[in-house]
Amino acid sequence: MQIRSAEFKCSNTRTEKLPPPLLPEYAFIGRSNVGKSSLINMLTSKKGLAKTSQTPGKTQLINHFLINEDWYIVDLPGYGYAKVSRSSREEWERFIRYYLKNRESLQCVFVLVDSRLEPQMADLKFCSWLGEQGIPFLLAFTKADKQSNFKTLQNVEKFKVALLDYFEELPQIFITSAEKRDGREEILTAIDDINKNFKSDFKKKNV
């Protein structure tokens, strides 16, 4: 897939103000500071599209980016550590989970996992929750350039073993590096394949 255009459309905390669910959406989420914004910018080849920060928990809104005027990347607030109050964090979790469970045009969730770390309970529990809700997800291991390929593959294998405690079948896995652009073509191809089968139920109901 070629990315011809990528533009920021809107930020919201209220799901009723999101764009009409006419186009396929792909949500990106992970633990705070997993490199989500860098990965989105790498996929779109548009530096600065998603705002990067050294401060964990910077993303506090549902951000929609329109790609090729045909589908959306949705940047969701990270889970895990963030320098915010407990009440704010709980509020984020409520609206994130509501979005994930109810968004008609959401095709799947890309769960981002830091490849430098051994399996983290926050990641495993979130994947388990997605499975319980019947929400399709894929795994993207980030920051693979920050260590040896052997160490990355070792941590990926450990995560796969840990995930088998929750699932009989593993989701598709991508190993990525925003710096080296690793995994870009594989992720965009996966999205392109899903887009080909997208049909908007919202459009049918509102004709």
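Whether any residue in the range 146-156 is under 15 Å from the mean Cα position of the chain (by Cα), surrounded by 15 or more Cβ atoms within 10 Å (Cβ to Cβ) and not small (Gly, Ala, Ser) is what I want to check. No, that holds for no residue.
The test for being at pLDDT below 95, surrounded by 20 or more Cβ atoms within 10 Å (Cβ to Cβ) and in a loop (DSSP other than H, G, I, E, B) does not hold for residue 52.
For the range 103-130, filtering for residues that are within 21 Å of residue 191 (Cβ to Cβ) and loosely packed, with under 15 Cβ neighbours inside 10 Å leaves 1. Residue count for the range 12-29, restricted to those that are at pLDDT below 95 and either farther than 22 Å from residue 200 by Cα or surrounded by 17 or more Cβ atoms within 10 Å (Cβ to Cβ) (or both): 3.
Scanning the range 30-42 for residues that are under 11 Å from residue 177 (Cα atoms) and surrounded by fewer than 21 Cβ atoms within 10 Å (Cβ to Cβ) yields a single hit, 38. Residue 57 satisfies every condition listed in (1) assigned to a loop (DSSP other than H, G, I, E, B); (2) open to solvent by less than 40 Å² (accessible area, probe 1.4 Å); (3) at pLDDT 90 or above except (3). Note on the range 132-145: among residues that are within 21 Å of residue 98 (Cβ to Cβ) and over 15 Å from the mean Cα position of the chain (by Cα), the one that is surrounded by the most Cβ atoms within 10 Å (Cβ to Cβ) is 133.
Residue-level check: of (1) open to solvent by less than 10 Å² (accessible area, probe 1.4 Å); (2) part of a helix (DSSP H, G or I), residue 92 misses just (1).
The values are calculated or read from the model by the stated rules, or taken from the named source; none is laboratory data. Everything numeric here is computed off the predicted structure, so don't read it as measured data. Positions of Cβ are generated from backbone atoms using ideal geometry, with glycine treated the same way; all protein chains shown enter the neighbour counts. We work out accessible area using only protein heavy atoms, side chains counted, and drop any ligands, DNA or RNA first. Shrake-Rupley method; radii C 1.70, N 1.55, O 1.52, S 1.80 Å.
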